[in-house]
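Everything below concerns the one structure shown next.
The values are calculated or read from the model by the stated rules, or taken from the named source; none is laboratory data. Since this is a predicted model, take the numbers as computed values, not measurements. All Cβ positions, glycine included, derive from the backbone under ideal geometry; neighbour counts span all protein chains shown. Side chains included, ligands, DNA and RNA excluded: accessible areas come from the protein's heavy atoms. Shrake-Rupley method; radii C 1.70, N 1.55, O 1.52, S 1.80 Å.
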Amino acid sequence: MSGEMLRRGNTKEYLLIRSIMHFAKWSAMSCIVLCLMGTAHREQPRALTCSVEVTPADDGSGRINHVAVGTGGRLAWTDGRPGQVMVRDAHRRTRAVGRLGSGPGEFRSIASLGWWGDTLWTGDASARRVQFFNDSGGYLDGITAVTRAAWAPRRAGHIVGFAPRRLSSDAPYAVLRQGVKQDVDSIASWTLVPAPRVRLANGGPRGSPQPFASETVVGASPDYGTFCAARPDGSAWIVECVNDAGVPLKQSRLSLAGYELTTALFDSVVTIFSQGRDRAEVRRQLIRPRTLPAINDIKVANNGDVWLQRTHPIERMGTWQRVTRSGLEAREISTAPLTRLLLVTADSVWGVRSDADGLETLMRCAVPTR
């Protein structure tokens with residue numbers, strides 16, 4: 001795809017994205033040393049006010065894994081329909097786009113979604129490509145990738161990919177750049193601080209990570225302009241961010257007190273690990289620390305805000321800490337209306353709420369003002 005094709009569309013949208021990338025340099029190589037008091041002195045987290053955007057689907061698994069927020073009410077998401085992405089246009093008409101396959105307009109494993117004005121782009125990790133559609137689902141063009149990653153297009157004609165290889169090995173997380181001549185470079189990487197393994201019956205030769213141990217977490221902004229990682233470093237955590245050219249934007253050292261690991265949470269995780277296994281053996285092998293890791297997940301907004309999950313991922317009452325341009329906010333934010341948080345923007349949080357059958361509703365929540 002030519003650079004001219006990539007520049008097509010809404011000029012205001014292009015200028016906005018350029019300004020966001022410029023703004024993201026506000027914290028180049030800044031180092032912030034921050035400390036929170038222990039759990040006994042925490043203020044109550046601020047609650048989110050949420051509204052329903054998408055109701056549960058009858059087809060597919062009903063599990064929403066990716067969402068992309070566009071302008072003028074445009075929206076795209078995956079809800080478990082094989083080979084399809086749901087697309088809502090500016091008139092709020094919704095269509096199922098694509099089918100399972102490797103041809104133009106088809107999908108095998110959608111790994112990333114985004115909007116350029118009225119153009120939707122999709123990254124397919126298995127088919128190794130980026131495809132472009134109009135907001136009514138019409139196929140426009142595609143770019144082939146050399147290796148597996150969650151790929152996203154850039155205006156200059158190249159693509160960037162995020163390759164968190166956590167499930168396959170303990171290799172570093174990497175941000176990749178593929179040029180117009182299909183040359184691939186690693187422009188940034190973060191050392192994986194892996195959790196210790198627990199080896200149980202039918203658990204595979206490598207076993208599973210201990211569920212309450214600290215390890216590196218990574219995330220990308222919705223526009224793929226910023227990539228961040230948080231990794232444990234002794235009693236503190238290092239949060240580092242780069243832009244889509246690999247230029248460092250932020251380096252912060254955070255001292256955060258972990259939440260108490262309750263018996264109810266520990267028992268819930270034992271139940272999850274015990275499916276088809278001896279429960280007493282699972283309980284003996286799972287490490288039970290006094291507190292949870294201080295950071296359990298990370299989300300990144302286009303404006304450079306970083307959200308750090310303070311609670312365990314399986315807990316329904318989620319709590320997150322936001323690190324903004326001016327530093328760590330004093331109060332945490334409760335995402336209790338949500339089962340899982342999918343992405344954040346400067347003014348909104350997008351996530352899902354599950355019903356008793358596991359079907360998920362997509363929610364939009366306003367970010368509390370300071």
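For the reader, a short list of remarks on this structure follows.
- Test: GLY304 is touching a residue at least 60 places away in the same chain (Cβ under 8 Å) and open to solvent by less than 20 Å² (accessible area, probe 1.4 Å): yes
- Residue within segment 174-190 that is aromatic (Phe, Trp, Tyr) and more than 26 Å from THR291 (Cα to Cα) present: no
- Flag if PHE273 is within 30 Å of SER186 (Cα to Cα) and touching a residue at least 24 places away in the same chain (Cβ under 8 Å): no
- Members of segment 286-317 that are farther than 25 Å from GLY327 by Cβ and at pLDDT 95 or above: LEU286, ILE287, ARG288, PRO289, ARG290, HIS312
- Check on ARG81, surrounded by fewer than 16 Cβ atoms within 10 Å (Cβ to Cβ) and farther than 29 Å from PRO368 by Cα: no
- Taken over segment 84-109, the residue count meeting the criterion of being on the phi > 0 side of the Ramachandran plot and surrounded by 15 or more Cβ atoms within 10 Å (Cβ to Cβ) is 2.
- Within segment 180-219, the set of residues being open to solvent by less than 50 Å² (accessible area, probe 1.4 Å) and in a strand (DSSP E or B) comprises ILE187, ALA188, TRP190, VAL198, SER208, PRO209, VAL217, VAL218, GLY219.
- Single residue of segment 137-148 satisfying the filter (open to solvent by 20 Å² or more (accessible area, probe 1.4 Å) and touching a Phe, Trp or Tyr at 6+ places or on another chain (Cβ under 9 Å)) that is nearest to ARG93 (Cα to Cα): TYR139
- As a summary of the residue check, SER348 satisfies the conditions (1) under 24 Å from THR71 (Cβ atoms); (2) touching a Leu at 6+ places or on another chain (Cβ under 8 Å) except for the one numbered (2).
- Matching option when the condition is part of a strand (DSSP E or B), surrounded by fewer than 21 Cβ atoms within 10 Å (Cβ to Cβ) and of a type in the set (A, V, I, L, M), among ILE298, ILE238: ILE238
- Qualifying positions in segment 225-239 - of a type outside the set (A, V, I, L, M) and in contact with a Lys or Arg (Cβ under 8 Å, 6 or more places away or on another chain): CYS228, ASP233, TRP237
- Filter pass, LEU176 being aliphatic (A, V, I, L, M), in contact with a strand residue (DSSP E or B) (Cβ under 8 Å, 6 or more places away or on another chain), outside any loop (DSSP other than H, G, I, E, B) and open to solvent by 30 Å² or more (accessible area, probe 1.4 Å): no
- Count - residues of segment 113-136 that are in a loop (DSSP other than H, G, I, E, B), without any contact (Cβ under 8 Å) to a residue 60 or more places away in the chain and open to solvent by less than 20 Å² (accessible area, probe 1.4 Å): 1
- Of all residues in segment 149-164 being out of contact with any strand residue (DSSP E or B) (no Cβ under 7 Å at 6 or more places or on another chain) and not aliphatic (A, V, I, L, M), the one that is surrounded by the fewest Cβ atoms within 10 Å (Cβ to Cβ): ARG155
- Of all residues making up segment 221-235, the number that are assigned to a strand (DSSP E or B), open to solvent by 30 Å² or more (accessible area, probe 1.4 Å) and either under 20 Å from THR311 (Cβ atoms) or of a type outside the set (D, E, K, R) (or both): 1
- Selection within segment 321-343 - assigned to a strand (DSSP E or B) and either touching a residue at least 60 places away in the same chain (Cβ under 8 Å) or open to solvent by 30 Å² or more (accessible area, probe 1.4 Å) (or both): GLN321, VAL323, GLY327, LEU328, ILE333, SER334, ARG340, LEU342, LEU343
- Residues that are modelled with pLDDT of 80 or more, surrounded by 10 or more Cβ atoms within 10 Å (Cβ to Cβ) and part of a loop (DSSP other than H, G, I, E, B), drawn from segment 29-58: PRO45, LEU48, THR55, PRO56, ALA57
- Tabulated pairs, segment 206-218, first under 15 Å from ARG288 (Cβ atoms), second β-branched (Val, Ile, Thr) and in a loop (DSSP other than H, G, I, E, B), C-beta under 8 angstrom, 6+ apart or interchain: GLN210/ILE287; PHE212/ILE287; ALA213/ILE287; SER214/VAL193; SER214/ILE295
- Residue satisfying all of: in segment 244-262; open to solvent by 20 Å² or more (accessible area, probe 1.4 Å) and assigned to a strand (DSSP E or B); farthest from VAL306 (Cα to Cα) among these: GLU260
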